[in-house]
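Everything below concerns the one structure shown next.
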Amino acid sequence: MSRILVVEDEQHQRELYAMELEDDGYEVEQASNGKEAVEKVKNNKYDLVILDIRMPEMDGIEALGKILSRDKKIPIIIYTAYSNYKSNFMTWTADAYVTKSSNLDELKNKIKEILSSRSV
């Protein structure tokens, strides 16, 4: 069972993503900001991180850099409502950039794609 860390400051959205992903058979942990995410990655092993960008305490771009400096192999999906960050070169280090939608199919498909390519 793949372990996924969902990093999202909006509690209801975070819980919805976690519930949907658990229904798909993933083990899911949650973090409410980038700082918490970096701590969790230090102390746990995840197969994938889903990372929002705009968050308090530490934004997703800073967290992305800190997480990858600890573990360059961990796949990260940036999942944000702001498509304009796609041109920020720091986001290019993520494995995928998905714009938030009320339909989670694109995110779920990207998770499957990344995890299946890692297990080959």
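The values are calculated or read from the model by the stated rules, or taken from the named source; none is laboratory data. Not measured: the values here are computed from a predicted model. We place every Cβ from the backbone using ideal geometry, glycine too, and count neighbours over all the protein chains shown.
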**Complete:** All conditions in (1) modelled with pLDDT under 95; (2) out of contact with any strand residue (DSSP E or B) (no Cβ under 7 Å at 6 or more places or on another chain) are true of residue 19 except (1)
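Could you tell me which of the residues 75, 56 is closer than 15 Å to residue 10 by Cβ and modelled with pLDDT of 90 or more?
Of 75, 56, the one residue that is closer than 15 Å to residue 10 by Cβ and modelled with pLDDT of 90 or more is 56.
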**Item:** Unmet criterion (only one of (1) within 17 Å of residue 13 (Cβ to Cβ); (2) modelled with pLDDT under 90; (3) hydrophobic (A, V, I, L, M, F, W, C)) for residue 107
**Value:** (2)
**Request:** Test residue 17 against the criterion of being over 19 Å from residue 102 (Cα atoms), aromatic (Phe, Trp, Tyr) and touching a residue at least 12 places away in the same chain (Cβ under 8 Å), and give yes or no.
**Result:** no
**Asked** Quick one: which of 57, 29, 22, 8 is within 20 Å of residue 111 (Cβ to Cβ) and over 12 Å from the mean Cα position of the chain (by Cα)?
**Response** 22
